[in-house]
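Have a look at the structure below, then the notes.
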Amino acid sequence: MHSTGSFEFHSHTHTHTRWDLQLPTGPDRIAAISQELALSRAALERRLGYSSDHLCWPQGYYEADYVDAAVKQGFNYLYTTENKPNLRTGDPLHIGRVVTKERSAAWLGQRLAIYGSPLLSHLYTKLRKS
Ligand SMILES: [Zn+2]
């Protein structure tokens, strides 16, 4: 799939655990997240022969110290489910992504059309916030 150029594979952590629901804020939680990121990178390298500097947070959830931990692990592009347009001048540590869940292809096509246009994306995210 990767060699066709149609698909890319990136980290989504190793176990998809929401550590904010498992451990209190502090060094143990950051250590757990850091280990998740390292294990994820190692699994991709072992199975695919490479890993990238892109990371998609499970359920889009992150905290400021998660971002620091990810950057220390070499991740430079971090994806969240925050409802915001992605612009060329945007912050690569806070890239919006679409939550698809079990939606139809038509629904996804509409979202891709909306988010593919800076103007539509801006208007749509403003409407959703109001
Ligand atoms: Zn997920």
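A short reminder: the numbers here are calculations on the coordinates, not readings from a lab. None of these values were measured; they are calculated from a predicted model. Cβ: placed from backbone, ideal geometry, glycine included. Neighbour counts: every protein chain shown.
Mean residue ellipticity at 222 nm from the helices of the chain, using -39,500 (n - 2.57) per DSSP H segment of n ≥ 4 over the full residue count, to the nearest 500 deg cm²/dmol? Taken over the chain, the calculation gives -13500 deg cm²/dmol. Computed from backbone phi with θ = phi - 60° and the Karplus coefficients 6.51, -1.76 and 1.60, the 3J(HN,Hα) list for the stretch 109-115 is x, 5, 5, 5, 5, 5, 6 Hz; x is used for glycine and proline. Only loop residues by DSSP count here, and only those with at most 15 other Cβ atoms within 10 Å; note down the trypsin sites (Lys or Arg not before Pro) in the stretch 66-130 that meet that. Sparse-neighbourhood loop trypsin sites (Lys or Arg not before Pro): ARG88, ARG97, LYS101, ARG103. Net charge in the neighbourhood of TYR66 (other residues with Cβ under 12 Å of its Cβ; Lys, Arg +1, Asp, Glu -1) is -2. The HN-Hα couplings worked out from phi for the stretch 19-29 by the Karplus form 6.51 cos²θ - 1.76 cosθ + 1.60 (θ = phi - 60°) are 5, 5, 8, 10, 10, x, 4, x, x, 5, 5 Hz, whole numbers, x standing for Gly and Pro. Note on the chain: with a GNM built from Cα contacts shorter than 10 Å, the maximum mean-square fluctuation among ALA113, ALA42, ALA32 falls on ALA113. Largest GNM mean-square fluctuation across THR100, THR80, THR25, computed for the chain with C-alpha springs under 10 Å, falls on THR100. Residue-wise HN-Hα couplings along the stretch 66-72, as the Karplus relation 6.51 cos²θ - 1.76 cosθ + 1.60 with θ = phi - 60° gives them from phi, are 5, 4, 4, 4, 5, 4, 4 Hz; Gly and Pro carry x. Each listed q (0.11, 0.21 Å⁻¹) maps to a log10 I(q)/I(0) for the chain, found by the Debye formula over equal Cα scatterers with no solvent: -0.45, -1.28.
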